[in-house]
Amino acid sequence: AAAIAYLINPTFAADKGGPPVKVDAQGVEKPLFSGCYGQLGAGGIFADGSDTIKGFALGAGCDWQVGTLVIGANGKYAFYEDDQRALSLGGRLGYSINAHTLAYGHVSLLMDGRSPKFSEGVVMGGVGLETYLTRNTTIFIEAATDLQKWGDFRTLPQVYEVSGGLRLRF
């Protein structure tokens with residue numbers, strides 16, 4: 001989806017061409033991926049190839065960019081089918097492929113959303129891609145799998161998560 005969006009609209013700044021530009025109060029350009037965001041996404045968790053739970057999530061995070069390197073922290077709360085909930089807290093490390101596209105790896109702790117406990121969760125690890133659509137809006141797609149399970153989650157088969165959505169950056 002990110003590649004298609006880039007091919008459809010490779011220039012973002014009005015009348016100037018080129019990538020979007022963020023400017024601070026003094027008029028100095030800031031790295032595009034530095035700052036915080038809110039997100040709305042949809043996706044699913046798949047286990048054992050047969051069990052699928054679909055839903056949507058609300059989240060927030062902050063990133064800090066130095067050169068082409070981006071480091072960030074984030075969280076999301078997901079609402080799944082059958083009244084299930086999940087809380088995810090994590091971080092990411094990324095590389096800015098060009099002025100408006102970020103490839104990243106991420107690690108998070110996935111917990112029960114109704115009674116989250118760090119000691120009873122799943123450590124998820126995966127990859128993602130994010131690209132700008134407008135000056136403050138990006139789209140993203142992520143995929144992850146479980147790396148470590150604790151508590152009641154130990155009895156689950158291998159878990160995979162795929163999600164995507166919009167981030168509003170400020």
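The values are calculated or read from the model by the stated rules, or taken from the named source; none is laboratory data. Since the model is a prediction, treat every value here as computed from it, not as a measurement. Every residue, glycine as well, gets a Cβ built from its backbone with ideal geometry; the counts of neighbours run over all protein chains shown. Remember, those area values only see protein heavy atoms, side chains included, never the ligands or the DNA or RNA. Shrake-Rupley method; radii C 1.70, N 1.55, O 1.52, S 1.80 Å.
Determine ³J(HN,Hα), in whole Hz, for all residues of the range 122-127 in sequence, where each value follows from phi through the Karplus function 6.51 cos²θ - 1.76 cosθ + 1.60 and θ = phi - 60°; x replaces Gly and Pro.
Result, rounded to whole Hz: 10, 7, 10, x, x, 10.
Give me the accessible area of residue 48, 1.4 Å probe, in Å² rounded to the nearest 10.
Roughly 110 Å² of residue 48 is accessible to a 1.4 Å probe.
Whole-Hz ³J(HN,Hα) for each residue in the range 61-78, computed from phi via Karplus 6.51 cos²θ - 1.76 cosθ + 1.60 with θ = phi - 60°, x for glycine and proline: what do you get?
Result, ordered by residue: x, 9, 10, 10, 10, 10, x, 9, 8, 10, 10, x, 10, 7, x, 8, 10, 10 Hz.
Near residue 158, within a Cβ-to-Cβ distance under 9 Å, what is the net charge of the other residues, with Lys and Arg +1 and Asp and Glu -1?
-2
Which one, 131, 151, 141, projects farthest toward the positive side of the charge dipole computed for the range 131-170 from Cβ point charges (K/R +1, D/E -1)?
Of the listed residues, the answer is 131.
So, R0 is 25 Å and r is the distance between the beta-carbons of residue 103 and residue 81; what FRET efficiency does that work out to, to 0.05?
For residue 103 and residue 81, the calculated efficiency is 0.25.
Points 7 angstrom from Cα along the Cβ direction at residue 136 and residue 158: gap in nanometres?
4.2
Which value, in Å² and to the nearest 10, is the accessible area of residue 166 when all protein chains are kept and the probe is 1.4 Å?
90
Apply the Karplus curve 6.51 cos²θ - 1.76 cosθ + 1.60, θ = phi - 60°, to the phi angles in the range 79-94 and return the couplings in whole Hz, x for Gly and Pro.
10, 10, 4, 6, 6, 8, 10, 9, 10, 10, 10, x, x, 8, 10, x
Using a simple charge model, +1 on the beta-carbon of Lys and Arg, -1 on the beta-carbon of Asp and Glu, nothing else, what dipole does the range 55-170 show about its Cα centre, in debye to the nearest 20?
The calculated dipole for the range 55-170 is roughly 360 debye.
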